[in-house]
Amino acid sequence: MKQHATDAHTLSAAYALGALDPGERAGFEHHLRVCETCRQEAAEFGTTAALLGATVSEAAPMWSKARVMAAVKAVRQLPPLPPPLPWS
């Protein structure tokens, strides 16, 4: 089976995350010299990755579960659907 070369335009995210092997990275960096679109996309993926990496997980307040469960009781549930008619 013949292998197809990877389209450089699909590698921006992997490049920004440092997920390319050395050969792919070198090839993509060569491509970046001539492709403004990929330079911008790789920079944007890098910024997004940095923002996601800087996020902090925070536990929900203790009262939130009780509040949600109380609110659920006030939501009107839909009745079950009737069975289909035998001729439909």
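What follows draws every value from the coordinates through simple rules; no lab data is involved. Everything numeric in this text was worked out from a predicted model, so none of it was measured. So basically every Cβ, Gly included, is an ideal-geometry build from the backbone, and we count neighbours across all protein chains shown.
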Could you tell me whether region 16-37 includes any residue that is assigned to a helix (DSSP H, G or I), in contact with a Leu (Cβ under 6 Å, 6 or more places away or on another chain) and either surrounded by 10 or more Cβ atoms within 10 Å (Cβ to Cβ) or acidic (Asp, Glu) (or both)? yes
Could you list all residues from region 38-65 that are loosely packed, with under 10 Cβ neighbours inside 10 Å and outside any loop (DSSP other than H, G, I, E, B)? Leu51, Leu52, Gly53, Trp63
Name every residue in region 11-43 that is free of Cβ contacts under 8 Å to residues at least 24 places away in the same chain and among the small types (Gly, Ala, Ser), in order of residue number. Ala14, Gly18, Ala19, Gly23, Ala26, Gly27
